[in-house]
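Student: I'd like to ask some things about the structure below.
No value in this document is a laboratory result; all are computed from the given coordinates. Everything numeric here is computed off the predicted structure, so don't read it as measured data. Ideal geometry is used to build each Cβ from the backbone, glycine not excepted, and the neighbour counts take in all protein chains shown.
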Amino acid sequence: MSTGVVWFRRDLRLADNPAWAAATRQHRQVVPLLVVEPRLLAAAGPHRRARFLAAAAALAADLADAGGQLHVHEGDAATIVPRVVSAFDAAAVHYNDDVSRWSIARDGRVAADLASSGTALDRHWGTLVHPPGSVLTRAGTLSKVFTPFHRAWHTRPLDPVAPPGDASITDDSGPAVLPRPDASVATEPGGEAAAAARLTRFLDIVDDYPTTRDLPAVEGTSGLSADLRLGTIAPAHVAEVVGTATEGRAAFVRQLAWRDWWAHTTLEHPDIDRHSIRPAYDAIVWDTGPEADQHFTAWCEGRTGFPIVDAGMRQLTATGWMHNRVRMIAASFLVKDLGIDWRRGERWFRRLLIDGDVAQNAGNWQWVAGTGPDAAPYFRIFNPVAQSRRFDPHGHYVRRWVPELAGLDDEALHAPWEAPPLELAAAGVVLGDTYPPPLVDHAEAREITMARYRDAVS
């Protein structure tokens, strides 16, 4: 039997890993390879870098426990993968595929080089519950609407991953040397064991998911988004363990289908982060110029004057994560209150988010902007004050991230510009000094947005 290389990318685990299972069953020896690509590392914010490096270190430790070593190389994968193949005279490279435009181009370069040497490149899908092309309409196409996609997705059985084989793991590469993370950035533990612990915790609260998932002050979500992004847990495993026996479990598994759908859609629309899936909306005239730039900066820094938006943006900067309900509110505010191109916000989110991913991030931004295939219609505009009062009624979330408003009562907290001057003074709030006034009038901005979208499609 031969030697096979397992190229780890967004699948930093050994369990339920199709590429790892196939390689260890088909070859006498496997070479675990991780290529740290400077361009990708630089494109990630500090929290995603830290979590990635933590997950990679955990993978290295798991391989060491199994008697092997993770081969870590830093540089261009299109150069390094063929070099490692040559060094070990490997017969094949196994990897779990991805859907991003950049990954596809890079993998194409690797494939071209390996083809010239006769080395097999074996693609697997370990990043999604169901791979692209497996959930189609009766006409054999991908549904442009999520609901029928979800129905078909739900009826497709889960494909079990074969157990790993008994191949030996190379142990002559020396200790895995990874880039040092920023010591000032706190991150949760990475790796399979930590992901499994988060899943176990979620199982204790999943039945309440429909009522708690939208409450940013409540620990009501799974906390697995970064694990799914980095592949420290298999999405199919999560779907199987959670199941659909209760309303809460079914609601959560629906989100895994939503995740798959955006990945499948991205393969059909590789420029999903550059162009509206509904082409007519590329004609929208967005605000530009100095004032728009100032508004964008205020949005990024959490200084819009709308507390729920500012809380979310500050949470993002401080932790690399933002509650999903608040992501929608903040995204809608940028696009439909400030009139700024959704692509600017998408790039900012993707860089900073610990779970930043082009398919999910760009897809959800297009949903909010109303430019996607199954989008919220353009006239669905989130009212940030109403959203704040509904989903953070006692202001616990806002008070945590916008502490300068903590002294206001629950009513005034959501719209401080409406509070009586004496109440502001008693709480130590000075609009324009300790906290900014609102950048825009929401009602006026809504009318401008409606006209902006109507003009684009008229």
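Student: Return an integer: the convex hull volume of the alpha-carbon atoms of the chain, in Å³ per residue. Intermediate results must be reported in sequence, preceding the final value.
Tutor: On the way: hull volume 70.6 nm³, N = 458.
Dividing the Cα hull volume of the chain by its residue count gives 154 Å³.
Student: Quick one: length gained pulling residue 324 to residue 204 fully straight, 0.36 nm per residue minus the C-alpha distance? It would help to have the intermediate numbers written out before the result.
Tutor: Values: separation 120, 0.36 × 120 = 43.20 nm, distance 2.01 nm.
41.2 nm is the gain from fully extending residue 324 to residue 204.
Student: Ok, one more. What's the longest piece of the chain with no exposed GluC sites (Glu not before Pro), counting a site as exposed if DSSP puts it in a loop and it has at most 16 other beta carbons within 10 Å? Don't skip to the answer; put the middle values down first.
Tutor: On the way: sites that count: 219, 411.
Counting only loop sites that pass the neighbour cut-off, the longest clear stretch is 1-218.
Student: OK, next. Beyond 17 Å, what percent of the Cα pairs of segment 194-248 remain? Spell out each step's value before the answer.
Tutor: Working: 528 of 1485 pairs.
That tail contains 36 percent of the Cα-Cα pairs.
Student: Also: May I ask you to list the trypsin sites (Lys or Arg not before Pro) in segment 338-436 that are in a DSSP loop and have at most 13 other Cβ atoms within 10 Å of their Cβ? Present the calculation step by step, with values, prior to reporting the outcome.
Tutor: Working: sites: 343, 344, 347, 350, 351, 380, 389, 390, 399, 400; in loops: 380.
The qualifying sites are 380.
Student: Over the Cα atoms of segment 279-457, Rg to Rh with Kirkwood Rh, two decimal places?
Tutor: Values: Rg = 16.0 Å, Rh = 16.5 Å.
My calculation puts Rg/Rh at 0.97.
Student: Over its Cα atoms, what ratio of radius of gyration to 2.2 N^0.38 Å does segment 208-296 give? Intermediate results must be reported in sequence, preceding the final value.
Tutor: Numbers: Rg = 18.0 Å, N = 89, 2.2 N^0.38 = 12.1 Å.
For segment 208-296, the normalised Cα radius of gyration is 1.49.
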